[in-house]
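Working notes, beginning with the structure itself.
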Amino acid sequence: MALEKFSEIYHRAATRKGSNSDLEQRLAHPKSVKELSEIPDDRWLATFSQKIFQSGMNWQVVRNKWPGFEEVFWGFDIEKMCLTPPEMWEEKATNPAIIRHLGKVMTIPHNAQMMKSAAKQHGSFARFVAEWPESDIIGLWAHLKKHGSRLGGNTGPYSLRMMGKDTFILSGDVEGYLRAHKIIDGGRDTRKSLHAAQEAFNQWQAESGRPLCQISQIIAFSVGDNSY
């Protein structure tokens, strides 16, 4: 794959943001495997749930309501979420302390079960995520989409990024860059496009030594409207 040199992308992004220093201050820093492994599983479920509720809504509205979610869903305790009977979920979905949306509420027990299954094999869901290789991060996206609920598209990747797992994100700016340079074509979420994107990011990572999240941000800052 003939790619633009990452040093050129970086230079363009730094120029647009003012300087190398200004650019560096904007970049995310992923957590280590050890740090990720130590995050309690209930925090992963809470983050997945928050991102699901933010989808199609004003993010700040969801953040403002989040203390109510934590209380109504018992701190997103995995075992409690898995043992809660269906009729209680319907009752919780009408609670004014949260954003009342039964479809999104029902993702919570589904995703809790997905996480519990992974924890049985790996000791914890956190460890399962922490040990997943970034060179195949799209494989982790696919797992969340297949086995979870409403974790497809950018919801899963944004959740991972928020928790500190190193991942690129196919934001509008990044997708636009990949299309303009003919790295992907067709549907963004097709197997072909995702594999092409992963291959490109792996090459840029080998060239730069940077984490995927920073490469993703630098590409976005080098073009478009810098929407994330």
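The values are calculated or read from the model by the stated rules, or taken from the named source; none is laboratory data. Everything numeric in this text was worked out from a predicted model, so none of it was measured. All Cβ positions, even for glycine, are placed from backbone atoms using ideal geometry, and neighbour counts span all protein chains on display. Side chains included, ligands, DNA and RNA excluded: accessible areas come from the protein's heavy atoms. Shrake-Rupley method; radii C 1.70, N 1.55, O 1.52, S 1.80 Å.
Miscellaneous remarks
- Summed over the residues of the chain and divided among them, the accessible surface reaches 48 Å² per residue at a probe radius of 1.4 Å.
- Comparing M81, M115, M57 in a Gaussian network model of the chain where C-alpha atoms under 10 Å apart are linked, the largest mean-square fluctuation is found at M57.
- Considering the range 34-152 at the alpha-carbon level, its Rg and Dmax are found to be 14.2, 43 Å.
- GNM flexibility winner over the chain from S171, S19, S37 (Cα, springs under 10 Å): S19
- Put simply, when 69-78, 153-162 are sorted by average Cβ atoms within 10 angstrom per residue, most first, you get 153-162, 69-78.
- Reachable aspartates and glutamates from K145, criterion Cα separation under 16 angstrom, eight or more residues apart if same chain: D136, D189
- Scaled to the globular estimate 2.2 N^0.38 Å, the Cα spread of the chain, given as radius of gyration, is 1.08.
- Exceeding the 23 Å Cα-Cα cut-off - candidates K104/K192; K120/K192; K120/K165; K65/K116: K104/K192; K120/K192; K65/K116
- For D22, neighbours were defined as the other residues whose beta-carbon sits under 15 Å from its Cβ, and their charges (Lys and Arg +1, Asp and Glu -1) total +3.
- Principal-axis tilt of helix 107-122 within the chain, Cα atoms, nearest 10 degrees: 70 degrees
- Element breakdown for the range 34-152 at a 1.4 angstrom probe: carbon and sulfur atoms account for 52% of the accessible area.
- The simple Förster model, with R0 at 30 Å and r as the Cβ-Cβ distance, assigns N95 and A180 a FRET efficiency of 0.05.
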